[in-house]
Amino acid sequence: MDPWQQQIVEAISAAEIRQVAYVPDAGHTSVIAACEADPAIEATVLTTEEEGIPLLAGAWLGGQRGLLLMQSSGVGNCINMLSLNRNCGFPLPMLVTMRGEWAEFNGWQVPMGQACAATLEAMGVVVHRADRAEDVAEVVGGAFEMAFASDVAVAALLGQRLIGRKRW
Amino acid sequence: MVAALDRRQATTALFAERGDLLVVTGLGSPAYDAFAAGDHPRNFYLWGAMGGAVPMGLGLALARPDEAVLVLTGDGEVLMGLGALATCGVKRPANLTVAVLDNGRYGETGMQASHTASSVDLMAVATACGFAWTANLATLEAVVAVRPRLVARAGLGFVRVAVAANETPRALPPRDGYLLKHRFRTALGV
């Protein structure tokens, strides 16, 4: 596990997040494994990212904090569901591993990757971004704090340069 | 498909003796039906987020294992999020029941036929996804008989209620999402 991924795991614990929902992405592999292994966390694999938004709204109704993990392509699947957060003030931190930008090798990732931040912002999600390992802890920790303290959806985009080139 | 029940009568019968049951409704008629059966701080009504009722109930059930959770929704709403039934089957919370008022129609938009009117068997889908029990209700007696299972927390359940595609008197729950959220959490003491 890279140190910045370990910092994400620590931030999840520090924020007392009890439900983590995800559609897998290679950039989240270590964090997903850590959440699945943590007895204090209920980790739920989804069939599509949009399930995660009501799932974690339900968790909040029941008194638990949640976190949604996805790849940038999954943001497009979430658009209408984000009305839940706008209309009800459900807090929702999202960690989005980016594709379709720096050193991308698959053009099919580019449209949603390039539209990711604008799409989130169009639906009222606050967007933060980390491109350097030394920024991850502050960006992610700040996203968690803002989501739960201000009852809003906050996405932290983890840049493709941070995650590294995919080897084929 | 034989549609046997009046949806308001069926919902009222389903919610009698609900006790502390936590309820999430899908948008449209199931929300109106639940409200008409008796508003309750432990009800959360969706007015949008179509396809979200089942995953919302799942997240709530996982957060509150000591409480029974019922999702009340319609065939169109559950069809939009069929994958959520698969996700429920992976988690298998014993305290969650999904009840679908199935009229084979998109009632809010002009009664167009839904997929259950022709080819889709929702109970077979639920079974294939790993639900522990299913029930197909076509009479009020059957609705009354299933009530204890909604609060028993004895396995992930799926209930299909065959209802007629009839118009119902207007009964609209609160639309303020913040209000619904806060009163629900207040009722749970969180």
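Side notes on the structure shown:
- Which listed residue is small (Gly, Ala, Ser) and either at pLDDT 95 or above or buried (at least 24 other Cβ atoms within 10 Å of the Cβ) (or both), from B:89, B:110: B:89
- Sole residue being facing another protein chain (nearest Cβ under 10 Å), farther than 19 Å from residue B:182 by Cα and touching a helix residue (DSSP H, G or I) at 6+ places or on another chain (Cβ under 8 Å), chosen from B:78, B:54, B:24, B:69: B:54
- Subset of the range A:4-56 [in contact (Cβ under 8 Å) with a residue 12 or more places away in the chain and small (Gly, Ala, Ser)]: A:11, A:13, A:14, A:15, A:21, A:26, A:27, A:30, A:34, A:40, A:43, A:52
Table: residues versus (1) away from chain A (no Cβ under 14 Å); (2) touching a residue at least 12 places away in the same chain (Cβ under 8 Å).
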residue	(1), (2)
B:15	yes, yes
B:50	no, yes
B:59	no, no
B:85	no, yes
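- The set of residues in the range A:15-43 being of a type in the set (Asp, Glu), surrounded by fewer than 20 Cβ atoms within 10 Å (Cβ to Cβ) and out of contact with any Ser or Thr (no Cβ under 8 Å at 6 or more places or on another chain) consists of A:16, A:36.
- Residue check, residue A:144 of a type in the set (Phe, Trp, Tyr), surrounded by 17 or more Cβ atoms within 10 Å (Cβ to Cβ) and under 21 Å from residue A:23 (Cα atoms): yes
- Within the set A:124, A:113, the sole residue that is touching a residue at least 12 places away in the same chain (Cβ under 8 Å), within 14 Å of chain B (Cβ to nearest Cβ) and in contact with a Lys or Arg (Cβ under 7 Å, 6 or more places away or on another chain) turns out to be A:124.
Table: residues versus (1) more than 14 Å from chain A (Cβ to nearest Cβ); (2) small (Gly, Ala, Ser).
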position: B:108; (1), (2): yes, no
position: B:136; (1), (2): yes, no
position: B:157; (1), (2): yes, yes
position: B:163; (1), (2): yes, no
position: B:168; (1), (2): yes, no
position: B:179; (1), (2): no, no
position: B:182; (1), (2): no, no
position: B:185; (1), (2): no, no
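- Consider the range A:147-168 and keep the residues that are assigned to a helix (DSSP H, G or I) and more than 16 Å from the chain's Cα centre (by Cα). The one that is surrounded by the most Cβ atoms within 10 Å (Cβ to Cβ) is A:161.
- Note on the range A:7-58: among residues that are within 12 Å of chain B (Cβ to nearest Cβ), aliphatic (A, V, I, L, M) and assigned to a loop (DSSP other than H, G, I, E, B), the one that is nearest to residue B:64 (Cα to Cα) is A:41.
- Hits in the range A:72-103 (condition: surrounded by fewer than 24 Cβ atoms within 10 Å (Cβ to Cβ) and outside any helix (DSSP H, G or I)): A:79, A:89, A:91, A:97, A:100, A:101, A:102, A:103
- The set of residues in the range A:66-97 being touching an Asp or Glu at 6+ places or on another chain (Cβ under 6 Å) and not β-branched (Val, Ile, Thr) consists of A:70, A:71, A:74, A:77, A:78, A:81, A:89, A:91.
- Residue check: residue B:10 meets all listed conditions (1) closer than 23 Å to residue B:149 by Cβ; (2) within 14 Å of chain A (Cβ to nearest Cβ) but one, namely (2).
- Only one of the numbered conditions (1) under 24 Å from residue B:13 (Cβ atoms); (2) more than 14 Å from every other protein chain (Cβ to nearest Cβ); (3) buried (at least 17 other Cβ atoms within 10 Å of the Cβ) is violated by residue B:141, and that is (3).
- The criterion of being surrounded by 15 or more Cβ atoms within 10 Å (Cβ to Cβ) and over 18 Å from the mean Cα position of the chain (by Cα) does not hold for residue B:189.
- Residue check, residue B:105 over 22 Å from residue A:55 (Cβ atoms) and among the basic types (Lys, Arg): yes
- Residue within the range A:97-107 that is touching a residue at least 60 places away in the same chain (Cβ under 8 Å) and basic (Lys, Arg) present: yes
Residue-wise test of (1) assigned to a helix (DSSP H, G or I); (2) among the acidic types (Asp, Glu).
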| position | (1), (2) |
| --- | --- |
| A:105 | no, no |
| A:120 | yes, no |
| A:135 | yes, yes |
| A:144 | yes, no |
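The values are calculated or read from the model by the stated rules, or taken from the named source; none is laboratory data. All figures in this text were calculated on a predicted structure; none of them were measured in a lab. Note: ideal-geometry Cβ built from the backbone for every residue, glycine included; neighbour counts use all protein chains shown.
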